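Remarks on the structure that follows.
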Ligand SMILES: [Zn+2]
């Protein structure tokens, strides 16, 4: 029982993204030779502490969380590289091969652990960047 409800577009707001990580994410995505190009950047106090992509390979943590084909999603790829897991922000990006933004909202497998792991979750929508209200989705009784 992770989520209390699924966020709708109504409780999301357009937010600004630090342009340095936007540029970094775009460069990384354009180098990914796959139809879907995801990049996750994790920040702590405004500094990049980990970068992840959606790699087509298996990983024990992907299996643990029950991902299809044991594929490592970009969020998990970035998070597994973080030793200190306090005060983290997740910034998700996805671009097509032309460099246009695409939806990068954490998928239903990622979202439950992401809302517990990150103090902030932001992602490209294809029409800007939105933020998931982490506090309202966290499991309350813990
Ligand atoms: Zn996912």
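A short reminder: the numbers here are calculations on the coordinates, not readings from a lab. From a predicted model like this one, the values you see are computed outputs, not experimental measurements. As a convention, Cβ positions derive from the backbone with ideal geometry for all residues, glycine included, and neighbour counts pool all protein chains shown.
Some notes on this structure:
- If the segment from residue 36 to residue 127 were pulled out straight at 0.36 nm per residue, it would be longer than the present Cα-Cα gap by 31.0 nm.
- Look at the Cα gyration tensor of the stretch 13-137: its axes a ≥ b ≥ c give a/c under 1.5, and that counts as rounded.
- If R0 is taken as 25 Å, the Cβ-Cβ distance between residue 27 and residue 85 corresponds to a FRET efficiency of 0.45.
- Short-range pairs are left out: with C-alpha atoms under 8 Å and at least six residues apart, the relative contact order of the stretch 13-137 is 25 percent.
- Label point at residue 71 placed 7 Å out along Cα→Cβ; residues across the stretch 94-112 whose backbone nitrogen lies under 18 Å: 94-97, 102-112
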